[in-house]
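*Asks:* One structure, as structure tokens, below. Some questions next.
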Amino acid sequence: MTRYGMAIDLKRCFGCQTCAAACKVANNLPKELSYNVVYTKGDNDPTTFGVAVARGAVANDNAGGTFPNCTLGFLPMQCQHCEKPACLAVCPTGATTKDEETGIVSVDGELCIGCESCIKACPYEKVRTLISDSPEYYLDVVVGESDAPPHKSGTVEKCTFCKNLIDRGEVPACMQLCPGRARFWGDLDDPESEVSKAVAEREHTFLHEEAGTNPSVYYLS
């Protein structure tokens, strides 16, 4: 049994959005859909990012503070693949599932009816998206991985931890091109894994820890 997780080093992330672009291409995501987004905020406290995202206060690259004491923080945001996902209990059709072998939380597009119950229950802002209309793409050809998940209107989608890549021994797309090497990946139950070593060696925090969902994404400070 493997419990996959990710650690993101907030000191190494400099907001270049390469992870978001790699994710969008690898998964052939429609225009309106993003699995992974990097938010910007005028401080480097990850515990306050959720409030800022909800209020739309992270839309530009403005530093906080008064010159010369300015601060600019970045926060990569995606599905947290929680050990106790709030989205799972409210899904009326069983479309949202948690793989007991890997810990990955998924959405079955064939079972999803687009009711948005999971979106409302999730404490992590904007990590799930309803595709309300027929998907539109930037290109007329399919890009990315040949086994990327399909996309259709009336369903909810989110980060998959790139399960298709993991199943063939690769790492999630967001990690492959990160110039700051800000992400660590692996089995959280294996003390020798890259992610376990990163978590053990550094102070870290979770987003919305008070929600009790036990996320599998750690933010290194």
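The values are calculated or read from the model by the stated rules, or taken from the named source; none is laboratory data. Not measured: the values here are computed from a predicted model. Here the Cβ is made from the backbone with ideal geometry for all residues, glycine too, and neighbour counts use every protein chain on show. We work out accessible area using only protein heavy atoms, side chains counted, and drop any ligands, DNA or RNA first. Shrake-Rupley method; radii C 1.70, N 1.55, O 1.52, S 1.80 Å.
*Asks:* In deg cm²/dmol and to the nearest 500, what is the mean residue ellipticity at 222 nm of the chain if only DSSP H runs of at least 4 residues count, each as -39500 (n - 2.57), divided by the residue total? Don't jump to the answer; show the numbers that get you there.
*Replies:* Working: 7 runs with 41 residues, N = 221.
Result for the chain, helices only: -4000 deg cm²/dmol.
*Asks:* So, one more: What FRET efficiency would be calculated for the residue pair Met1, Glu209, taking the C-beta separation as r and a Förster radius of 25 Å, to the nearest 0.05?
*Replies:* After rounding to 0.05, the efficiency reads 0.55.
*Asks:* Please list, or write none, the lysines whose alpha carbon is within less than 25 Å of the alpha carbon of Lys163, excluding same-chain residues fewer than 8 places away.
*Replies:* Counting by Cα, and skipping residues close in sequence, Lys163 has these lysines nearby: Lys24, Lys31, Lys84, Lys98, Lys120, Lys126, Lys152, Lys197.
*Asks:* For region 151-221, what class follows from the C-alpha gyration tensor (a ≥ b ≥ c being the square roots of its eigenvalues): rounded when a/c is under 1.5, otherwise prolate if a/b is larger than b/c, else oblate?
*Replies:* Values: a/c = 1.87, a/b = 1.26, b/c = 1.49.
Oblate.
*Asks:* Still on this model: If packing is taken as the average number of other Cβ atoms within 10 Å across a peptide's residues, how do 146-159, 27-40, 197-210 rank, most packed first?
*Replies:* Ranking, from highest mean packing down: 27-40, 146-159, 197-210.
*Asks:* Heavy-atom accessible area per residue, the chain, 1.4 Å probe: how many Å²?
*Replies:* Normalised by residue count, the accessible surface of the chain is 51 Å².
*Asks:* Calculate one ³J(HN,Hα) per residue across region 128-142 by plugging θ = phi - 60° into the Karplus curve 6.51 cos²θ - 1.76 cosθ + 1.60, and present them in order as whole Hz with x for glycine and proline.
*Replies:* Along region 128-142, the couplings run 10, 9, 8, 7, 7, 10, 4, x, 10, 10, 6, 10, 8, 10, 6 Hz.
*Asks:* Continuing with this model, one more query. Between rounded, prolate and oblate, where does region 73-177 land on the alpha carbon gyration tensor, with a ≥ b ≥ c its root eigenvalues, rounded for a/c under 1.5, else prolate if a/b exceeds b/c? Working shown, then result.
*Replies:* Working: a/c = 1.42, a/b = 1.12, b/c = 1.27.
Since a/c stays below 1.5, the shape of region 73-177 is classed as rounded.
*Asks:* Can you compute the charge dipole magnitude of the chain about its Cα centre, using +1 on each Lys and Arg Cβ and -1 on each Asp and Glu Cβ, nothing else charged? Give it in debye, rounded to the nearest 20.
*Replies:* Charge dipole, the chain, about its Cα centre: 540 debye, nearest 20.
*Asks:* Follow-up question, since we're still on this one. Counting only DSSP beta bridges with both residues in the chain, tell me the antiparallel percent, nearest 5.
*Replies:* 85
*Asks:* What does the C-alpha gyration tensor say about the overall shape of the chain? Classify as rounded when a/c is under 1.5, otherwise prolate if a/b is larger than b/c, or oblate. Please list the in-between numbers first.
*Replies:* Values: a/c = 1.41, a/b = 1.24, b/c = 1.14.
Taking the square roots of the gyration eigenvalues as a ≥ b ≥ c, the chain is rounded.
*Asks:* Counting only protein heavy atoms, what percent of the accessible surface of the chain is carbon or sulfur at a 1.4 Å probe? Display every interim value, and only then the final one.
*Replies:* On the way: 5650 of 11170 Å².
In the chain, the share of accessible area belonging to carbon and sulfur is 51 percent.
*Asks:* Related question: Given H placed 1.01 Å from N in the peptide plane, which residues other than close sequence neighbours of Thr96 have an amide H under 5 Å from its amide H?
*Replies:* Those qualifying (amide H under 5 Å, at least 5 residues apart or on another chain) are Asp108.
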